[in-house]
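Contents: one structure, followed by commentary.
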Amino acid sequence: HHAAIGLLLLSLVIFFREPLFQGKVFLATDNIASQSFNTFMADAKEEGVFPLWNPYIFCGMPGYGSLTVTGDRWFDLSGRALHILHYVFGILTTNVEVGNILFYYVLLAVGMYFLAFHKLRQKIPAFLVALATIYSTYIIIWIMSGHNTKIFATSMFPFIFLLIESLREKMEWWKLFALTIAIHYLLLATHVQITFYVFLAVGGYLLWYWIGVLRKKESWRSVLRPSLAFVVAALAAFLMDSDRYLSVLEYNPYSIRGSGPLTETVQAATKSADGGLDYEYATNWSLGVGEAFTMFIPSLYGFGNVDYQGRLSNGQEIRLPLYFGPQPFTDAPQYMGVVVLVLAIIGFWRFRSDPFVQYLGIMVGFSMLVAFGKEFPLVYDLMYKYFPTFNKFRVPSMILVLVQIMVPFLAGYGLMSFIQRQQEHLTPTAEKKWKYVLAALAGFFVIGLVARGFYAGMYSAFFPPETVYQHYAQRLGIRSTQVLAELYDFLTSLVVTDIVVALFLLLLTFGSLFLFIRRSMRLSTLAVILSLVVIIDLWRVNTQPMEPRERNAQQSVFSPSPAVSAILDQERGTNDSSLVTPYRVLEFENGQPPLNNMLAYWRIQSAFGYQGAKMRRYQDLVDVVGLHHPILWQIMNVKYIITDQPDSSRALGLLYDGPDQKVYVNRLVLPRVFFANSYEVADGIEVLRKISGLRDARDVVYLAEDPKVNIRPPFPGTQARIVKYGIQSLTVNTKTYADNLLFLSESYYPEGWKAFLNGKEIAVLRANYHFRAVVIPPGEHVLEMLFEPTGFAMGKNLSLGTNILVLAGLCYFGWSSWQKSKA
């Protein structure tokens, strides 16, 4: 066991040698998006607040409830222990940033090894299972693409299954407490969709065994025990994470994943979603049916981003997105290794009577059907319409994480079948079949070496050049027929190489298995050969999307652009230090706001941002009124516009004119807080249409409910000035001569935001569909707004108490069990 784990760890160190030994980092979009909030997190720590609210994107939104950021969860004792472990591991790897994530790959490898050993009772097949799992292409690239919470959540999968399997065989209390902590860590990863799939896999596992028990009329206790244990452990784990998930449950009805769209055009297409994501958005990343064959030939649909050098790049090596399947884009195919896949098919067939193997096969088939999404909606649409919470998830292909785990497991069974058959005498008939198979593989391999055009012709028959030309012309903007033809030839060469390599590896694998079956090769030798085959097969593919960058490249990403510098200089030059004057910026690239949070790094609040669960009312506002509407700029307190296109609008004054970006000052900008002349009661699509027709946001503010106060226009001398602007607090000094309506360009969120006038709580009104307003009576007043959600306050007490109980139970029963086994 120690040797197996040591080799798995060594393989990861070798594979990630550049980041670990050369200090390089991965700079994918999601990595940059999360690091954009580093300044915000540091400010929250200095201010002494737990960052529950994020003021830097979408005019403010729940930061903790949307799982965007987190803080110091000191009350989660078991979570703190895991954090210390992964931090120490990161230090030992000399590159903390990469080592912290690599820790979870090690956990996944260890967990898969022991789960496979528990089922197979053989170390070498168990080692193969763990090795193939961690290098499954769509698992290993998570660290490269910044999907760090995915590997964290997935690393708990084998431990949860191992403990449930152990509880099915024998009830021991320490295992129940250990299962609780494993599920707690799964929830702690905060990747709700992966968590959903793990729960789905566990539910399917228990259901299949229940069916078997009922069908065979066996004792039901062996299934009831782990079923009850899982339910109890899941509830306790939720309590350990209740501060986070009570916040999520509070936010869910206000997010795009918890409520349906307002606009009629979207509603018409998605009326079955019942408050979830609209169908088109949810199914964007549906796996094409033909893409299933990329599990055998990874470059079949262009792979993803590949290194290219040719006519298009003027002979320079560049990264080119050659994928041409139905998904918007992808970093890499769903490849698990052709040898692993063939062994998995053999393992399923030869152990098809084993209930666990049956379960694995069913889950693989089911997951594939769900992953097809809108491309083959037979199963996906049923899940989308009827399965609870499923319509809140996007990226149907993400369920293939289960396939990436279960196929290597089946491959372990495939290898086990050959180990078992070595004990049998190889008959002449069987030996002849082996030789036929090897001869066929050798023949096809030789054809690939001496007549590559044969496989190239087959590829062009299934994927005609005209089809690929059309795709590249649209996505890459290529018009030259010569360039398109060269790209197609380049793609064809990648496919042919995949086929030839696959045939060679299969020939080497089955040749070694044949010698092993004939007892001409020892098991240890076979293990070395198969391990090298899997490594060569998967590393060859997995290194293509890996693009570690020098650390100074990361520093340059977070250096302010000339446009940002112009804004910061302008604010430093005009801002009176005695006043707090928050402002927002809106950025456009090719007419669309970019999906990033970079402005937050420089403490600039954006009217847009990047978050997969933005607030529903914000999205409705953008859908109906549009981000290019000047009235929305007023309502959102947009002071600066960053764009790559010139604008001659009289409302905009040019501040910075660069070759790539320009900065305009919005001459019609309104303060973050202002008094309205009047109000009207309106809501829904009606208020958004009324807003679109406004000339000045101060003329009228639309309230969702009538405050039943005689609001007067502000008299001369009326004042509203922000004197303190914190992460989740706001203080405004006001001076009025009548009952006035104060509008605040801050997102309305009733689950936590409270308003106090001179220390006395007052009502917060929903204004202009998505923002806040309060009624200010005559006189001089101090308005204070505080974000104090009840879910977090209650949840952290529940988390602390449950942590103490679970850890105490684990220590007590673990010690008792150890003493008994020792005796």
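The values are calculated or read from the model by the stated rules, or taken from the named source; none is laboratory data. Note that this is a predicted model, so its numbers are computed, not measured. When we count neighbours, we look across all protein chains shown, and the Cβ atoms used for this are built from the backbone with ideal geometry, even at glycine. Each accessible area value is taken on the protein alone, full model and side chains, heavy atoms only, with ligands, DNA and RNA left out. Shrake-Rupley method; radii C 1.70, N 1.55, O 1.52, S 1.80 Å.
Key figures for this structure:
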| read-out | value |
| --- | --- |
| Qualifying residue in the range 292-302 (condition: part of a helix (DSSP H, G or I) and crowded, with 20+ Cβ neighbours inside 10 Å) | yes |
| 1 or more residues among the acidic types (Asp, Glu): qualifying strands (runs of 3 or more DSSP E) within the range 572-685 | 584-588, 652-657, 679-681 |
| Failed item in (1) more than 17 Å from Tyr323 (Cα to Cα); (2) in a helix (DSSP H, G or I); (3) in contact (Cβ under 8 Å) with a residue 24 or more places away in the chain, with Val496 passing the rest | (1) |
| Matching residues in the range 756-781 - criterion: being in contact with a Cys (Cβ under 8 Å, 6 or more places away or on another chain) and either more than 26 Å from Val687 (Cβ to Cβ) or assigned to a strand (DSSP E or B) (or both) | Phe771 |
| Tyr64 part of a loop (DSSP other than H, G, I, E, B), open to solvent by less than 10 Å² (accessible area, probe 1.4 Å) and either of a type in the set (Ser, Thr, Tyr) or modelled with pLDDT under 95 (or both) | yes |
| Matching residues, the range 400-433, being open to solvent by 40 Å² or more (accessible area, probe 1.4 Å) and touching a residue at least 40 places away in the same chain (Cβ under 8 Å) | Arg421, Glu431 |
| Members of the range 12-38 that are of a type in the set (Gly, Ala, Ser) and either within 12 Å of Leu102 (Cα to Cα) or open to solvent by 30 Å² or more (accessible area, probe 1.4 Å) (or both) | Ser34 |
| Flag if Leu52 is over 19 Å from the mean Cα position of the chain (by Cα) and either buried (at least 16 other Cβ atoms within 10 Å of the Cβ) or polar (S, T, N, Q) (or both) | yes |
| Verdict on Tyr702 being within 30 Å of Arg80 (Cβ to Cβ), at pLDDT 95 or above and open to solvent by less than 20 Å² (accessible area, probe 1.4 Å) | no |
| Single match in Asp706, Asp699 (criterion: part of a loop (DSSP other than H, G, I, E, B), out of contact with any Lys or Arg (no Cβ under 7 Å at 6 or more places or on another chain) and either under 25 Å from Val580 (Cα atoms) or of a type in the set (Val, Ile, Thr) (or both)) | Asp699 |
| Per-region count, the range 144-163, residues over 15 Å from Phe409 (Cα atoms), open to solvent by 10 Å² or more (accessible area, probe 1.4 Å), part of a helix (DSSP H, G or I) and touching a Leu at 6+ places or on another chain (Cβ under 9 Å) | 3 |
| Selection status of Lys392, touching a residue at least 60 places away in the same chain (Cβ under 8 Å) and open to solvent by 30 Å² or more (accessible area, probe 1.4 Å) | yes |
| Within the range 654-675, tally of residues that are small (Gly, Ala, Ser) and loosely packed, with under 12 Cβ neighbours inside 10 Å | 0 |
| Tally of residues being part of a loop (DSSP other than H, G, I, E, B) and small (Gly, Ala, Ser) across the range 709-724 | 1 |
| Flag if Arg551 is basic (Lys, Arg) and within 30 Å of Gln22 (Cα to Cα) | yes |
| Criterion: of a type in the set (Val, Ile, Thr), open to solvent by less than 30 Å² (accessible area, probe 1.4 Å) and assigned to a helix (DSSP H, G or I) - qualifying residue of Thr509, Thr525, Thr467 | Thr509 |
| Restricting the range 548-571 to residues that are part of a loop (DSSP other than H, G, I, E, B) and in contact with a Lys or Arg (Cβ under 7 Å, 6 or more places away or on another chain), the residue that is farthest from Ile143 (Cα to Cα) | Glu550 |
| The range 72-118 - residue that is among the aromatic types (Phe, Trp, Tyr), assigned to a helix (DSSP H, G or I) and open to solvent by 30 Å² or more (accessible area, probe 1.4 Å) and, of those, farthest from Phe356 (Cα to Cα) | Tyr87 |
| Boolean, Gln474 is at pLDDT below 90, more than 25 Å from Gln544 (Cβ to Cβ), part of a helix (DSSP H, G or I) and open to solvent by 20 Å² or more (accessible area, probe 1.4 Å) | no |
| Residue count for the range 544-568, restricted to those that are under 26 Å from the mean Cα position of the chain (by Cα) and touching a residue at least 24 places away in the same chain (Cβ under 8 Å) | 12 |
| For Ala332: the one exception among (1) part of a helix (DSSP H, G or I); (2) open to solvent by less than 10 Å² (accessible area, probe 1.4 Å); (3) touching a residue at least 40 places away in the same chain (Cβ under 8 Å) | (1) |
| Tabulated pairs, the range 794-823, first under 15 Å from Arg73 (Cβ atoms) and open to solvent by 30 Å² or more (accessible area, probe 1.4 Å), second part of a helix (DSSP H, G or I) and among the acidic types (Asp, Glu), C-beta under 7 angstrom, 6+ apart or interchain | Lys796/Asp243 |
| Cross-chain or 6+ apart pairs with Cβ under 6 Å, the range 453-478 first and small (Gly, Ala, Ser), then outside any loop (DSSP other than H, G, I, E, B) | Ala456/Thr492; Ala456/Val496 |
| Answer residue from the range 699-725, given it is touching a residue at least 40 places away in the same chain (Cβ under 8 Å) and basic (Lys, Arg) and is nearest to Glu784 (Cα to Cα) among those | Lys724 |
| Every residue from the range 389-427 that is part of a loop (DSSP other than H, G, I, E, B) and not aliphatic (A, V, I, L, M) | Thr389, Phe393, Arg394, Gln422, Gln423, Glu424, His425, Thr427 |
| Ala332 being of a type in the set (A, V, I, L, M) and modelled with pLDDT under 85 | no |
| Residue among Ile631, Ile711, Ile641 that is in contact with a Leu (Cβ under 8 Å, 6 or more places away or on another chain), open to solvent by less than 60 Å² (accessible area, probe 1.4 Å), more than 25 Å from Pro55 (Cα to Cα) and at pLDDT 90 or above | Ile711 |
| In the range 83-129, the residues that are touching a residue at least 24 places away in the same chain (Cβ under 8 Å) and in contact with an Asp or Glu (Cβ under 9 Å, 6 or more places away or on another chain) | Leu115, His118, Lys119 |
| Residue match in the range 736-751 (condition: assigned to a loop (DSSP other than H, G, I, E, B), at positive phi and either within 35 Å of the chain's Cα centre (by Cα) or crowded, with 16+ Cβ neighbours inside 10 Å (or both)) | no |
